[in-house]
Amino acid sequence: MLQKLWLYHTNDLHSHFENWPKIAAYIEEKRQVHDQMLLFDIGDHMDRVNLVSEADYGKVNVKLLNQLGYDGVTIGNNEGITLPHDQLDHLYENAQFPVVLSNLFEKGKRPSWAKPYHMITMENGLKICLLGVTIAYTPVYEKLGWNITDPFDSIRDMLQEVKGQADVIVLLSHLGIIHDREVARDFPEIDIILGSHTHHLLEQGEMDNGVLLACAEKYGHYIGCVELTIDTVRKELIEKKATVQSVDQLISESDEAITTLQQAERRAKALMQEKVTTIESKLETKWFDESPLPQLLTDAIKDWCGADIGMMNAGMVLDSLEAGIVTREEIHRICPHPINPIRVKLTGQQLIETVRRGCEEKMEQLRIKGFGFRGELMGKMLYSGLSYTLEEGEAKRVKDVFVHGQLIKKDASYTVGTVDMYTLGSLFPHIRDHEHIEYFMPEFLRDVLTWRLKEAT
């Protein structure tokens, strides 16, 4: 006898709650239609860029997942490394769903809230094994007091552990599509990989080595669905196909979700009115020129990291601060990024090359997506403890670089306090490829800004 099983999945919502009431209504409708259905989230549901998630460290996200009756979730890097250790450790204490995550440990043990795998037995007797892994940002997790292991090793161990116990194996993967394809090639015994992290949209899925990959982009723009056809007598998977539903095309909204979010917004607004300090005059922000507020933060990063030099792009500060009372909400509004300070040691020559790259016009105009950045563009590169001169002519070419007023020595070493965004991508190779990067955690840049503003008043 052939039967259908539907697997619905969400990923990388990043606290874009404006789409959630439609998602909730759609899932509730599908539950009325399907005899057998499961629902999963693949991580980064929470993002502290949203005031609501910032106020309660993601607790409202868990409440929304509870309300919609998820059958399993895994965590993304936004849950894993943008929350302080204790906040992540308590995030799921009221969860009514299993958190499936096999590659995170604390002092050699998995946290109490994480399951290495989860077995689901359907009404027809079909056994679904749920695996879950997240991307291993090792230095950052270690700095926060966690041990993150290689996800491929973890998948291998789990598959060995559950061998022969399940009819269908589903992997919740917060690894990104490149790694998902590698997993498919290495582990063909997995039937379906529900993917996330790199925000890919696979409208009809992708078949790799007999493994079906499915991913539903980001921000709640889409809801993913994998339709399985199963021979219930032989307990065999006959067919598997993936589709997505555009949320823009949906009309109905969940009243329960709307009410929960409205309550959460009111609570967040109240909590975030907490006074940070009072400033006597406006602190202005300009992205393409020197201005007091981004410079204040650049100076603060240098001091926070105990470095010789501070370095930060002006686009990191989104707006000015008006004179008067400064609240937590205001600080969050102008500096919403889940970005941490770091310290690296560069040679004088490496520093010269980095300054030259930062001075390029195309760098200032560069629009950044990802890497923790929640602004619009890079803006002017600012320094603390470092200055430079330009060659004559229209092109902005760096001539001489000075550290604390002294001409830089190419073979000397200098410590630089900057931002962890530069350790990713191709912005500044000398920082990205550094063998030893010291992360300052769990504080974000907005915490450093708060510290300096309080100190200055």
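The values are calculated or read from the model by the stated rules, or taken from the named source; none is laboratory data. The structure displayed is predicted, hence computed values, not measured ones. Ideal geometry is used to build each Cβ from the backbone, glycine not excepted, and the neighbour counts take in all protein chains shown.
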>> Can you say whether LEU101 is closer than 28 Å to GLY370 by Cα, at pLDDT 95 or above and either out of contact with any Cys (no Cβ under 9 Å at 6 or more places or on another chain) or not β-branched (Val, Ile, Thr) (or both), as far as the supplied structure shows?
In response: yes
> Taking LEU159 and the conditions (1) in contact with a strand residue (DSSP E or B) (Cβ under 6 Å, 6 or more places away or on another chain); (2) at pLDDT 95 or above, which numbered condition does it fall short on, given that it satisfies the others?
Replying inline: (1)
>> Is it the case, given these coordinates, that LYS30 is in a helix (DSSP H, G or I), surrounded by fewer than 24 Cβ atoms within 10 Å (Cβ to Cβ), in contact with a helix residue (DSSP H, G or I) (Cβ under 9 Å, 6 or more places away or on another chain) and of a type in the set (Lys, Arg)?
In response: no
> Would a scan of segment 235-255 turn up a residue that is under 30 Å from ILE331 (Cα atoms) and polar (S, T, N, Q)?
Replying inline: no
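Among the residues of segment 430-442, how many are touching a residue at least 60 places away in the same chain (Cβ under 8 Å) and within 19 Å of the chain's Cα centre (by Cα)?
First pass over segment 430-442, keeping only residues touching a residue at least 60 places away in the same chain (Cβ under 8 Å): 430-431, 434, 436-442.
Going one step further and asking which of them are within 19 Å of the chain's Cα centre (by Cα), we end up with 439-442.
Result for segment 430-442: 4.
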>> Need the failing condition index for VAL140 against (1) farther than 28 Å from ASN124 by Cα; (2) surrounded by fewer than 18 Cβ atoms within 10 Å (Cβ to Cβ); (3) in contact (Cβ under 8 Å) with a residue 24 or more places away in the chain, just the number.
In response: (2)
> Residues of segment 179-201 being over 20 Å from the mean Cα position of the chain (by Cα) and either farther than 25 Å from LYS235 by Cβ or outside the structural domain of LEU13 (by TED's automatic domain parsing) (or both), which ones?
Replying inline: ARG181, GLU182, ARG185
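Rundown of residues vs (1) assigned by TED's automatic domain parsing to the domain that holds THR347; (2) over 27 Å from the mean Cα position of the chain (by Cα); (3) of a type outside the set (Val, Ile, Thr), yes/no style:
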| residue | (1), (2), (3) |
| --- | --- |
| ILE223 | no, no, no |
| VAL233 | no, yes, no |
| GLU256 | no, no, yes |
| THR278 | yes, yes, no |
| PHE288 | yes, yes, yes |
| ILE309 | yes, yes, no |
>> Condition first: among the β-branched types (Val, Ile, Thr), touching a Ser or Thr at 6+ places or on another chain (Cβ under 6 Å) and under 24 Å from ASP12 (Cα atoms). Can you find one or more residues in segment 114-128 that meet it?
In response: no
>> For the condition crowded, with 20+ Cβ neighbours inside 10 Å and in contact with a Cys (Cβ under 7 Å, 6 or more places away or on another chain), what is the one hit in GLY205, GLY220, GLY195?
In response: GLY195
>> Could you check segment 77-115 and list, in sequence order, the residues that are in contact with a helix residue (DSSP H, G or I) (Cβ under 7 Å, 6 or more places away or on another chain) and farther than 23 Å from THR198 by Cα?
In response: LEU91, TYR92, ASN94, ALA95, GLN96, PHE97, PRO111
> Looking at (1) within 29 Å of the chain's Cα centre (by Cα); (2) among the aliphatic types (A, V, I, L, M); (3) outside any loop (DSSP other than H, G, I, E, B), which is the only condition LEU427 fails?
Replying inline: (3)
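Taking segment 103-137, which residues are of a type in the set (Gly, Ala, Ser), over 30 Å from GLN3 (Cβ atoms) and surrounded by 15 or more Cβ atoms within 10 Å (Cβ to Cβ)?
Matches in segment 103-137: ALA114, ALA136.
Among the residues of segment 251-302, how many are under 30 Å from ASP420 (Cα atoms), of a type in the set (Gly, Ala, Ser) and in contact with a helix residue (DSSP H, G or I) (Cβ under 6 Å, 6 or more places away or on another chain)?
2
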> Are any residues in segment 143-154 surrounded by fewer than 22 Cβ atoms within 10 Å (Cβ to Cβ) and β-branched (Val, Ile, Thr), and if so, which ones?
Replying inline: THR149
> Are there any pairs, at least 6 apart or on different chains, whose C-beta atoms fall under 7 Å, with the first in segment 226-244 and under 17 Å from GLY210 (Cβ atoms) and touching a residue at least 12 places away in the same chain (Cβ under 8 Å) and the second part of a loop (DSSP other than H, G, I, E, B) and not aliphatic (A, V, I, L, M), and if so, which?
Replying inline: LEU237/ASP191; LYS240/ASP191; LYS241/GLY205; ALA242/GLN204; ALA242/GLY205
>> With the structure loaded, tell me whether LEU261 is surrounded by fewer than 19 Cβ atoms within 10 Å (Cβ to Cβ), more than 14 Å from VAL168 (Cα to Cα) and out of contact with any strand residue (DSSP E or B) (no Cβ under 8 Å at 6 or more places or on another chain) or whether it fails that test.
In response: no
> Looking at (1) closer than 30 Å to HIS436 by Cα; (2) in a helix (DSSP H, G or I); (3) modelled with pLDDT of 95 or more, which is the only condition VAL140 fails?
Replying inline: (3)
>> Please count how many residues of segment 1-36 are aliphatic (A, V, I, L, M) and under 18 Å from the mean Cα position of the chain (by Cα).
In response: 1
> Looking at segment 290-309, which of the residues that are closer than 16 Å to VAL355 by Cα and not in a helix (DSSP H, G or I) is modelled with the lowest pLDDT?
Replying inline: GLU290
